[in-house]
Amino acid sequence: MKKTLFTLCTLAMVGTSASADITVKFDFTPEQKEVIISSLPIEQLLTARHESDITMTADTIAIINGKANVALKDDCARQYIITINGREQALTEFFAAPDENISIKISGSQNDMKSNVGGTPLLDGINTIKTAAEPLKNTILSIRKGENTTDSFEETLMKYYGVFEQFVRENPDHEATAYAMLNVDQNVFMELYDTLGEKTKNSLYFPFVESSKMRIEQQLEAERRQAEMQSGSVDAPDFTLPGLNGEKISLSDFRGKWVVIDFWGSWCGWCIKGFPKMKEAYAKHAGKVEFIGIDCGDTIEDWKAAVAKYQIPWVNVYNDTQNVKEGRPDQTYAIQGYPTKIIINPEGKIAKIVTGEDPQFYTDLDNFINQ
């Protein structure tokens with residue numbers, strides 16, 4: 001069964017023990033005399049839409065004889081974050097219910113602290129997964145930093161995902177399997193989801209698995225819709241949006257011409273990088289193709305400033321994704337990433353949809369225009 005928010009914040013309290021606590025133990029003598037144990041209800045992580053929706057509480061606990069101890073919050077299941085004064089990065093973070101005893105061992109040295117969190121089947125299972133994945137994670141980081149030019153990033157990344165997939169396949173009914181599900185490759189997520197047992201579905205992480213499932217289902221549906229749209233026989237959904245001067249601009253205004261719709265935002269680095277090539281294509285096909293830039297995710301002020309800054313010469317309209325909930329062009333065109341460019345023929349049919357900054361788009365555009 002799905003663990004609901006009600007379950008997280010009420011039933012998790014059943015059987016709460018007065019001795020439930022967090023013990024932080026150092027195997028060396030730290031310079032600091034205190035640790036900070038911050039927490040927030042898991043419910044807030046699931047429902048928060050803005051930073052202001054999150055309320056973090058913190059306890060500062062003295063380190064005595066290499067140990068710090070604090071009682072778990074007894075209101076509901078929470079995320080806990082352990083930090084130490086003078087260090088920007090948290091020592092560790094984890095999920096715990098009110099009736100659990102958590103043991104945190106800090107090893108290494110003052111300048112290189114390593115943490116190990118245990119005490120519950122969930123946390124012990126996560127430790128097993130992290131231990132197996134850590135070498136691959138370190139390789140990925142070294143490749144990203146340019147320190148490793150030998151290993152393949154894609155192959156290493158797939159091996160990394162494979163660690164989590166293997167754990168799920170071998171342990172379909174385990175509290176830590178819900179954590180592993182959040183890190184499996186999307187291509188096998190739905191298959192693995194159907195194998196999950198009751199312990200997994202009662203894990204503190206399972207509500208996040210459910211959220212991931214919903215997002216993946218929405219993405220698969222959007223991909224299906226986009227595939228149908230590109231059959232060459234589907235009318236491009238019309239829209240009417242405000243232009244830079246507030247005038248109403250509709251896609252249907254350009255019937256009879258080839259049209260390129262560019263879904264973009266000033267926050268999208270690849271969108272901005274693509275403008276020079278787009279300008280070349282716009283000039284090359286002047287009179288034959290109309291470009292329409294549909295801004296998504298910006299305020300009106302940021303949109304107008306970006307159009308001016310990058311000197312975008314084609315038609316520009318504003319798609320109010322922050323306030324309009326339904327019927328927006330990014331929804332009707334099932335946009336999954338930015339930039340997305342759509343080629344529409346003179347009859348108003350969708351000819352091609354390209355997600356991401358792909359040079360092939362311009363080859364396809366040339367071929368359509370010159371056919």
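The values are calculated or read from the model by the stated rules, or taken from the named source; none is laboratory data. From a predicted model like this one, the values you see are computed outputs, not experimental measurements. Cβ: placed from backbone, ideal geometry, glycine included. Neighbour counts: every protein chain shown. Areas reflect the complete protein model, heavy atoms only, side chains present, ligands, DNA and RNA absent. Shrake-Rupley method; radii C 1.70, N 1.55, O 1.52, S 1.80 Å.
Points to keep in mind about this one:
- Helix axis angle, 153-170 relative to the chain longest principal axis, alpha carbon, degrees: 50 degrees
- Computed over the alpha carbons of the chain, Rg followed by Dmax gives 26.0, 80 Å.
- List 50, 174, 285, ordered by accessible area with a 1.4 Å probe, largest first: 50, 174, 285
- More than 16 Å apart - percent of Cα-Cα pairs taken over the range 157-254: 65 percent
- Restricting the range 226-281 to GluC sites (Glu not before Pro) that sit in a DSSP loop and have at most 12 other Cβ atoms within 10 Å of their own Cβ leaves 247.
- At q = 0.14, 0.23, 0.27 Å⁻¹, base-10 log of I(q)/I(0) for the range 232-308 (Debye sum, equal scatterers on each alpha carbon): -0.52, -1.29, -1.40
- Cα long-axis angle, helix 275-284 against the chain (0 to 90 degrees, to the nearest 10): 10 degrees
- Loop-located trypsin sites (Lys or Arg not before Pro) in the range 12-113 (DSSP state not H, G, I, E or B) with no more than 16 neighbouring Cβ atoms inside 10 Å: 33, 49, 87.
- Inter-centroid distance (Cα atoms) of the range 216-235 relative to the range 81-147, Å: 41 Å
- Rounded to the nearest 10 degrees, the inclination of helix 300-309 to the longest alpha-carbon principal axis of the chain is 60 degrees.
- Accessible surface of residue 154 - all protein chains present, 1.4 Å probe, nearest 10 Å²: 110 Å²
- Heavy-atom accessible area, probed at 1.4 angstrom with all protein chains present, ranks 233, 152 as 233, 152, highest first.
- Taking the 1.4 Å solvent-accessible surface of the chain as the whole, the part contributed by carbon and sulfur is 49%.
- Considering only 286, 351, 77, the mean-square fluctuation computed in a Gaussian network model of the chain, springs between alpha carbons under 10 angstrom, is largest for 286.
- Computed about its Cα centre, the charge dipole of the chain is approximately 500 debye, with only Lys, Arg, Asp and Glu carrying charge at their Cβ.
- Here's the list of lysines a cross-link from residue 352 could span, going by alpha-carbon distance under 27 Å and ignoring same-chain residues fewer than 8 apart: 248, 257, 273, 277, 279, 284, 288, 325, 341.
- For residue 93, solvent-accessible area (1.4 Å; no DNA, RNA or ligand), Å²: 100 Å²
- If the chain linking residue 222 and residue 371 were pulled fully straight, counting 0.36 nm for each residue of separation and taking away their Cα-Cα distance, it would gain 50.7 nm.
- Shown here is the pair-distance distribution of the range 274-371: with all Cα-Cα distances grouped in 5 Å bins from zero up to the longest one, the shares run 2, 11, 21, 25, 21, 13, 5, 1, 0 percent.
- Between the residues 36, 66, 54, the greatest Cα displacement towards the positive end of the dipole of the range 27-87, with unit charges on the Cβ of Lys, Arg, Asp and Glu, is found for 66.
- Stokes-Einstein translational diffusion, the range 64-206 - Kirkwood Rh over all Cα pairs, 1.567 mPa s, 4 °C, in µm²/s: 76 µm²/s
- Take the convex hull of the alpha carbons in the range 284-336; its mean projected area over all directions comes to 4.6 nm².
- Across 129, 272, 350, mean-square fluctuation computed from a Gaussian network of the chain (C-alpha pairs under 10 Å connected) peaks at 272.
- Applying the criteria of a DSSP loop state and at most 10 other Cβ atoms within 10 Å to the trypsin sites (Lys or Arg not before Pro) of the range 244-348 yields 325.
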